[in-house]
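Colleague: This is the structure I have questions about; it appears just below.
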Amino acid sequence: MPNANTALIERFYTAFQNRDAEAMAACYAPDIQFQDPAFGVLHGREAGDMWRMLLGRATDFTLTYDDIESIGQMASAKAVARYTYSATGHVVVNRIESRFAIRDGFIAEQTDVFDLWRWSRQALGASGWLFGWTPQMQRAIRTKARRTLKAYREKAAP
């Protein structure tokens, strides 16, 4: 029988598989700190809005996950997301390792780790192959991701 923290991470990834950003965001503490190579650090509602934006745009999306482990208030998991990157129409297979800190039954911190150069080679094609490993290109990817999220949040605001 899984413990409560393992069940929380299961619930998060099941929602992710079902493209249910609201259920994913419901797993987060209000002051969640999320971090990944593409968006950098996000706080609070920004993290849920990132999932709302990404899943709302995703085409041909599938997700598998495994290796959920929980020790105390920490958890980890591995996931593989497959989707078509909307900006280029290229298929991406992103292998992600996640670490979670859990507080009061909610995810308080999530750090996703993946190879941004590998992602850029798939998503961006030739420019990703040639320049995706450079700090300048990785900074440009983060800047575009943050700008896109900001525009999404401004449009979604009441």
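Computed from the coordinates by the stated procedures, all read-outs in this text should not be read as laboratory data. Since we're looking at a predicted model, the values are computed, not measured. Every residue, glycine as well, gets a Cβ built from its backbone with ideal geometry; the counts of neighbours run over all protein chains shown.
Colleague: Where nothing but the Cβ of Lys and Arg (+1) and of Asp and Glu (-1) is charged, how large is the charge dipole of the chain around its Cα centre, in debye to the nearest 20? The partial results should precede the final answer.
Modeller: Working: 20 positive and 17 negative charges, 157 e Å.
Dipole magnitude for the chain comes out near 760 debye.
Colleague: May I pose another question? Would you list which aspartates and glutamates come within 16 Å of K144, measuring only between C-alpha atoms, while excluding same-chain residues fewer than 8 positions from it?
Modeller: Straight-distance partners of K144: D36, E46, D49, E154.
Colleague: Then there is this: Going by Cα centres, the stretch 98-126 and the stretch 10-77 are how many Å apart?
Modeller: Computed from Cα coordinates, the inter-centre distance equals 9 Å.
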